[in-house]
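A.B. asks: The structure follows.
What follows is calculated from the coordinates using simple rules that are stated; it is not laboratory data. Bear in mind that the values here come from a model prediction, so they are computed numbers and not experimental data. With ideal geometry, Cβ positions are generated from the backbone for all residues, glycine too; neighbour counts draw on all protein chains shown.
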Amino acid sequence: MTRTLKIVLGALAGVVVIGAVAYFFVLPQFVPYVFHGQTIQSNQAAPSVELDGPNGSTVRLTDYEGQVVVLYFGYTFCPDVCPITLSKLDRAMDILGDKAEDVQVIMVSVDPLRDTPEVLEQYMAHFNPDFIGVTGDADAVDRIATVYGVYYEAAEGSEATGYLVNHTATVMIVDKDGYLKLVLPFEGTAEEMAADLGYFLR
Amino acid sequence: MFGSRCSIGLRFTGTMPEYIDRLRCRYWAERRSLNSRKLIWWIGIPGVLLVIGVMAFAIFEPIQVLPRIRLSPGYLLEDQAGQSFTSEDVRGDIVLYTFRYSGCGDECDGLDQTMIDVQRRLGEVDMGDTDFRLVTISFDPATDTTEVLTAEADAFGADGVEWRFATGEEAHLANVVKAGFKVWYEEQEDGSFSFDPTLILVDGWGVIRGEYEYQTLKSDADKIIHHLDILTEEIRNANGAAGLAYEAAHLFLCYP
């Protein structure tokens, strides 16, 4: 092997190694993170939430400053969408591991007539003991749901379920500083939720 | 500059081994200096180019985006046909909202004309697969019954699909219009309303992308058509590398 050939082969090997390092380790640092939902860039804090929580407590969004809050609007008689979403969120917490300690999942009931704080406590514990459910009078729930872009209305159900409640099924993420940052669609997976939550937990 | 071992000049002094040692020292010191200069070029030039690129992006705005201001409210209203009309019915569509009441007369002329102009000029925008809707919400449900809304809609040629007139329960309307859209209105003693004439542009995700509250030299219709152009361009380029560029534009606040 001639000296020139050795130099050329060495240079090629160097280019391949440098290229691989740049592609796999350096380039990803400069590519902006792509969320799995719609980001919001409001300079105003997330609309306030003050509703009845477990054990007679009052739950306020501001109680969770320093934590990432996942807000979801659902109800305990919900036959499909709510259990699926809460199960995905529970799976997302598993994926996050210890980091999940800095995440608080809150479900606001859009069925305040049937969902008392006690009913919500039992229901949420079924998915994850750290999840909490909140409710309040119809006016308070309507105000909060409305400003979070959530529509809901009672609809005909079956004898077993009683009336149903049609509602917006998006999941909202409020960052550690209390700003509403992300709206995730119902179709999102647990892995995608965990990835997005992980970004806000950095 | 070459370190303590090279501080003596290269003039031949001392023994031959000492002189050779000084020459070697000088050689490696110059190599190190050369490498440092190369390193500065290799790191410095790309760094400067990167900074210039970012500044150019921010100044010349090759990609423009509309800000994602905040979530538009969820609502359950009733339209001019007496049908239930919800925020979910227009999810995925771009919607232009305005807020008025049937008794407002001349005060609403500007708002109404803007809605008509935007609808008339929609052909100027390449909407692609995205639907565009106009929604006029009345905050006077006591007067603006289904019959009144139907008459109003007919007068403006609102077909109930592309352009809907709607109203709802008083308390819910307050949550939707005042708390959600942040449009102020107040009933006066004589039954009329004081309000801020406002148009609001919402994207298919239900995120407010434009608020038009103050008349400027450029008409609201001109601004809205321009903004629709920007918004639909962003929707068309939402995926892949172009999508990343648009996200970067949001970071650098390339707002029109």
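A.B. asks: Neighbouring Cβ atoms within 10 Å as the yardstick, rank B:SER72, A:SER158, A:SER42 fewest first. All intermediate terms of the calculation are to be shown ahead of the outcome.
C.D. replies: Values: B:SER72 25, A:SER158 9, A:SER42 17.
Fewest to most other Cβ atoms nearby, the residues stand as A:SER158, A:SER42, B:SER72.
A.B. asks: Another question, if that's okay. Output the relative contact order of the stretch A:38-200, whole-number percent, from Cα pairs under 8 angstrom with separation of 6+ residues.
C.D. replies: Working: 295 pairs, mean separation 54.1, N = 163.
After rounding, I find 33 percent.
A.B. asks: For the stretch B:177-256, state which trypsin sites (Lys or Arg not before Pro) are in a DSSP loop and have at most 12 other beta carbons lying within 10 Å of their beta carbon. Don't skip to the answer; put the middle values down first.
C.D. replies: Details: sites: B:LYS178, B:LYS182, B:ARG209, B:LYS218, B:LYS223, B:ARG236; in loops: B:LYS182, B:LYS218.
Here the sparse-neighbourhood loop sites are B:LYS218.
A.B. asks: Give me a single rounded figure for B:70-80: the average over its residues of other chain Cβ atoms within 10 Å of their Cβ.
C.D. replies: Numbers: counts 10, 14, 3, 9, 14, 5, 6, 1, 0, 0, 0.
Neighbouring Cβ atoms belonging to other protein chains average 6 per residue here.
A.B. asks: Same structure again: If each of B:GLU162 and B:ILE116 carries a label point 7 Å out from its Cα toward its Cβ, how far apart are those two points in nm?
C.D. replies: Spacing of the two 7 Å Cα→Cβ label points: 1.5 nm.
A.B. asks: Determine the relative contact order of chain B: mean sequence separation of Cα pairs under 8 Å and six or more apart, normalised by residue count, in whole percent.
C.D. replies: Details: 339 pairs, mean separation 68.8, N = 256.
RCO, chain B: 27 percent.
A.B. asks: For a protection proxy built on the mean count of beta-carbon atoms within 10 angstrom, sort A:118-124, A:19-25 highest first, please.
C.D. replies: Numbers: A:118-124: 17.9, A:19-25: 10.0.
Answer by packing, highest mean first, reads A:118-124, A:19-25.
A.B. asks: Moving to a separate point now. Could you put B:TRP41, B:TRP163 in order, starting from the residue whose Cβ has the fewest other Cβ atoms within 10 Å?
C.D. replies: Details: B:TRP41 10, B:TRP163 20.
Placing the least packed residue first, the sequence is B:TRP41, B:TRP163.
A.B. asks: Report the local net charge at B:ILE225: Lys and Arg +1, Asp and Glu -1, summed over other residues whose C-beta lies under 11 Å from its C-beta. Don't skip to the end; give the middle numbers.
C.D. replies: On the way: positive: B:ARG120, B:ARG121, B:LYS218, B:LYS223; negative: B:ASP117, B:GLU124, B:ASP220, B:ASP222, B:ASP229.
Value of the local net charge: -1.
A.B. asks: Dividing the Cα radius of gyration by the Kirkwood radius, what Rg/Rh value follows for the stretch B:114-245? Each step should come with its number before you reach the end.
C.D. replies: On the way: Rg = 16.6 Å, Rh = 16.6 Å.
Rounded to two decimals, Rg over Rh is 1.00.
A.B. asks: What 222 nm value per residue comes from the helices of the protein assembly as shown, counting each DSSP H run with n ≥ 4 as -39,500 (n - 2.57) and dividing by all residues, nearest 500 deg cm²/dmol? Walk me through the intermediate numbers first.
C.D. replies: On the way: 12 runs with 172 residues, N = 458.
Helix contribution divided over all residues of the protein assembly as shown: -12000 deg cm²/dmol.
A.B. asks: Taking a quarter of the surface of the convex hull around the Cα atoms of the stretch A:57-202, what do you get in nm²? Can you show the working numbers first?
C.D. replies: Numbers: hull surface 32.6 nm².
Seen from a random direction, the Cα hull of the stretch A:57-202 projects 8.1 nm² on average.
A.B. asks: Could you pull out the pairs from A:LYS99/A:LYS181; B:LYS182/B:LYS223; A:LYS88/B:LYS182; A:LYS99/B:LYS178; A:LYS6/B:LYS38 whose alpha carbons sit more than 26 Å apart here? Write down the numbers at each step before the final one.
C.D. replies: Details: A:LYS99/A:LYS181 19 Å; B:LYS182/B:LYS223 20 Å; A:LYS88/B:LYS182 33 Å; A:LYS99/B:LYS178 38 Å; A:LYS6/B:LYS38 24 Å.
Flagged as over cut-off: A:LYS88/B:LYS182; A:LYS99/B:LYS178.
A.B. asks: Follow-up question, since we're still on this one. Per residue Cα convex hull volume for the stretch B:124-191, in cubic angstrom? Please list the in-between numbers first.
C.D. replies: Details: hull volume 9.2 nm³, N = 68.
About 136 Å³ per residue, rounded to a whole number.
A.B. asks: By how many nm would the segment from A:ASP137 to A:GLU159 grow when fully extended, if each residue of separation counts as 0.36 nm and the alpha-carbon distance is taken off? Mind dumping the intermediate values first?
C.D. replies: On the way: separation 22, 0.36 × 22 = 7.92 nm, distance 2.54 nm.
Stretched fully, the A:ASP137-A:GLU159 segment lengthens by 5.4 nm.
A.B. asks: Further question on the same structure: Nearest 10 degrees is fine. How inclined is helix A:3-21 to the longest principal axis of chain A, computing both from alpha carbons?
C.D. replies: With both axes taken from Cα atoms, the answer is about 10 degrees.
A.B. asks: In which sequence would A:THR170, B:THR114 go, from the one with the fewest C-beta neighbours within 10 Å to the one with the most?
C.D. replies: The most exposed by this proxy come first: B:THR114, A:THR170.
A.B. asks: By how many degrees, 0 to 90 and rounded to 10, does the Cα axis of helix A:81-96 deviate from the longest principal axis of chain A?
C.D. replies: 40 degrees
A.B. asks: Could you tell me whether the protein assembly as shown comes out rounded, prolate or oblate from its Cα gyration tensor? Rule is a ≥ b ≥ c as square roots of the eigenvalues, rounded for a/c under 1.5, then prolate if a/b exceeds b/c, otherwise oblate. Write out the running numbers ahead of the final one.
C.D. replies: On the way: a/c = 3.01, a/b = 1.87, b/c = 1.61.
Prolate, since a/c reaches 1.5 and a/b exceeds b/c.
A.B. asks: Between A:TYR148 and residues 5 or more places away or on another chain, which pairs have amide H atoms under 5 Å apart, with H built 1.01 Å from N, and which residues are they?
C.D. replies: B:GLY74
A.B. asks: Give the Debye-formula value of log10 I(q)/I(0) at each listed q (0.08, 0.18 Å⁻¹), with one equal scatterer per alpha carbon of chain B, two decimals each.
C.D. replies: With no solvent term, the Cα-only Debye profile gives -0.46, -1.36.
A.B. asks: Now a separate question. What FRET efficiency, computed as 1/(1 + (r/R0)^6) with R0 = 51 Å and r the Cβ-Cβ distance, is obtained for B:ALA179 and B:SER36, rounded to the nearest 0.05? Walk me through the intermediate numbers first.
C.D. replies: Details: r = 62 Å, r/R0 = 1.21.
Using R0 = 51 Å, I get an efficiency of 0.25.
A.B. asks: Using θ = phi - 60° and the Karplus form 6.51 cos²θ - 1.76 cosθ + 1.60, what ³J(HN,Hα) does each residue of the stretch A:157-168 get, whole Hz, x for Gly and Pro?
C.D. replies: Per residue, the Karplus-derived 3J(HN,Hα) values read x, 10, 5, 6, 8, x, 5, 9, 10, 6, 7, 5 Hz.
A.B. asks: Using a 7 Å offset from the Cα along the Cα-to-Cβ direction at both A:ASN43 and A:ASP177, what is the distance between the two label points in nm, to one decimal?
C.D. replies: According to this spin-label approximation, the distance is 1.2 nm.
A.B. asks: Just for the protein assembly as shown, what percent of DSSP beta bridges are antiparallel, to the closest 5?
C.D. replies: Details: 37 of 58 bridges.
Antiparallel bridges make up about 65 percent of those DSSP assigns within the protein assembly as shown.
A.B. asks: If you place +1 on the Cβ of every Lys and Arg, -1 on the Cβ of every Asp and Glu, and leave all else neutral, what size is the dipole of chain A about its Cα centre, to the nearest 20 Debye? It would help to have the intermediate numbers written out before the result.
C.D. replies: Numbers: 11 positive and 27 negative charges, 328 e Å.
Magnitude of the dipole: close to 1580 debye.
A.B. asks: For peptide A:35-42, what's the mean number of Cβ atoms from other chains within 10 Å of each residue's Cβ? Intermediate results must be reported in sequence, preceding the final value.
C.D. replies: Details: counts 1, 0, 1, 7, 5, 8, 8, 7.
That average works out to 5.
A.B. asks: Another one. From the phi angles alone, apply the Karplus equation (6.51, -1.76, 1.60; θ = phi - 60°) to the stretch B:208-213 and give each ³J(HN,Hα) in whole Hz, x where the residue is Gly or Pro.
C.D. replies: 5, 10, x, 10, 10, 10
A.B. asks: Work out, step by step, the length gained on full extension between B:ILE43 and B:ILE20: first 0.36 nm times the residue separation, then minus their alpha carbon distance; give nm to one decimal. Walk me through the intermediate numbers first.
C.D. replies: Details: separation 23, 0.36 × 23 = 8.28 nm, distance 3.46 nm.
Contour length minus the Cα-Cα distance gives 4.8 nm.
A.B. asks: Mind checking B:202-208 for the average number of partner chain beta-carbons within 10 Å of each residue's beta-carbon? Spell out each step's value before the answer.
C.D. replies: Values: counts 1, 1, 1, 8, 7, 7, 3.
Per residue, the number of nearby Cβ atoms from other chains is 4 on average.
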